[in-house]
Amino acid sequence: MEKHKRVLTIVEGREANQKMMREVIEVGAERGWGVRLLKHISSIDIANNRLDGLFTEYVWWRGFGTNSGYESARVMEYVNRLKGVRTINTHIVGGLAGTSNKYYQHGVMAYEKDLAEHILPMYETQSKMRALQLVEKGAINYPFVVKPVFGTQGEGITLIRKEKDLDKVKDFTQTGIESYVQSKYDWRVFVLGGKALGVMRKTGGDDETDFELKSAGKTKRNEDDPEIYAEVTRLAELAAKTSGLDYTGVDLIRDDKTGIFYVVETNFAAGWQNGFKKATGVDVPLEVFKYFESFDK
């Protein structure tokens, strides 16, 4: 087996991201790194604390595939107690599961005074009746969106213009309600080690209800407006710091009427396969290796 000066352990159990991981392995090899993927740990080994030897001196935590949230949190705590280990995303606020939940995320960030006005109130809802109660109480007004509190790439988001539209929501389990903000653009900012790597501006299609296309971006480009760049990077870096994230992809929108930017969510296992490198020129995997290497200087 080829020996490497450094070996990075990536906790990565989601099969959809294996193409990305192959890219990481290739980039690492070019810089003399070895990469070890850790997708799952036996529940028996976790219960009996048989975790020695699983982790190297460098760990990038992106999430297990089949281990429970509690098992993941327990292993994360083990990693954090190891001496001399450099990690990414093992000290996130609220633990692994907590920061993935959009409702929880909004609470964490809303407690930060400099972020509060840039966070939309989100209400938990488990039923159509609960949604109607929020409307009746004046907590939320039409139009609003019903969105999964666990979700990605705009999947499962429904625009509600009137009561009848609530019938389009097939399952209210683990969903939240948020005011709808009309935004011509979406922004994705990658933050690593507290600093923004770059900003990609995305434009959706003509159908404002197609949130998946809006999230993916019909067109994508580098953000070259200096004022916008400064503001979205400021908010993204603050969101990352507040959430305890060393690495994250932060999604933002701007109200077309008021000009206020809103942090939509942080993604602690954010993928760069959405054209970020082509749009911005930033090679995210390369920056990750350079980040770890900076600790050895």
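The values are calculated or read from the model by the stated rules, or taken from the named source; none is laboratory data. Quick caveat, the model's predicted, so the values are computed rather than measured. Cβ atoms come from the backbone with ideal geometry, glycine included; neighbour counts cover every protein chain shown. Surface accessibility is based on the protein's heavy atoms, side chains included, excluding ligands, DNA and RNA. Shrake-Rupley method; radii C 1.70, N 1.55, O 1.52, S 1.80 Å.
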Checklist entry - Under a GNM of the chain (C-alpha, springs under 10 Å), which listed residue has the highest mean-square fluctuation: D255, D283, D165? => result D165
Checklist outcome for this item: The rounded separation in angstrom of the Cα centers of the stretch 108-178 and the stretch 256-297 is 26 Å
Next on the checklist: Which order do the peptides 190-196, 26-32 come out in when sorted by mean C-beta neighbours inside 10 angstrom, highest first?
Outcome noted: 190-196, 26-32
Item to check | Which listed pairs, of K128/K168; K5/K297; K147/K277; K39/K218, have C-alpha distances above 21 Å, in listed order | outcome: K147/K277; K39/K218
Item to check | GNM flexibility winner over the chain from P148, P285, P226 (Cα, springs under 10 Å) | outcome: P226
Next on the checklist: What would the Debye equation give as log₁₀ I(q)/I(0) for the stretch 40-100 at q = 0.22 Å⁻¹, counting only Cα atoms as equal point scatterers?
Outcome noted: -0.92
Item to check | Carbon and sulfur %, accessible surface of the stretch 236-280 computed with the full protein complex present, 1.4 Å | outcome: 50 percent
Item to check | the stretch 144-195, relative contact order [Cα under 8 Å, separation at least 6], % | outcome: 42 percent
Checklist outcome for this item: The size of the Cβ-based charge dipole (Lys, Arg +1; Asp, Glu -1) of the chain about the Cα centre, to the nearest 20 debye, is 520 debye
Checklist outcome for this item: Compactness check, the stretch 222-269: C-alpha Rg relative to the 2.2 N^0.38 Å globular estimate gives 1.16
Checklist entry - Given N residues in the stretch 1-150, what is Rg(Cα) / (2.2 N^0.38 Å)? => result 1.35
Item to check | the stretch 12-133 - percent of accessible surface contributed by carbon and sulfur, probe 1.4 Å | outcome: 50 percent
Next on the checklist: Defining a contact as two alpha carbons under 8 Å apart and six or more residues distant in sequence, what relative contact order in percent does the stretch 94-196 show?
Outcome noted: 28 percent
Item to check | Mean shadow area of the chain, taken as a quarter of the surface of its Cα convex hull (nm²) | outcome: 17.0 nm²
Checklist outcome for this item: Expressed per residue, the solvent accessible area of the stretch 1-121 in Å² (1.4 Å probe) is about 55 Å²
Checklist outcome for this item: For the stretch 61-169 the GluC sites (Glu not before Pro) that pass both the DSSP coil test and the at-most-11 other-Cβ-within-10 Å test are E155
Next on the checklist: Before I look further, what does the stretch 237-297 give for accessible area per residue, probe 1.4 Å, in whole square angstrom?
Outcome noted: 40 Å²
Checklist entry - Under the Kirkwood approximation applied to all pairs of distinct alpha-carbon atoms, what is the hydrodynamic radius of the stretch 67-189 in Å? => result 16.5 Å
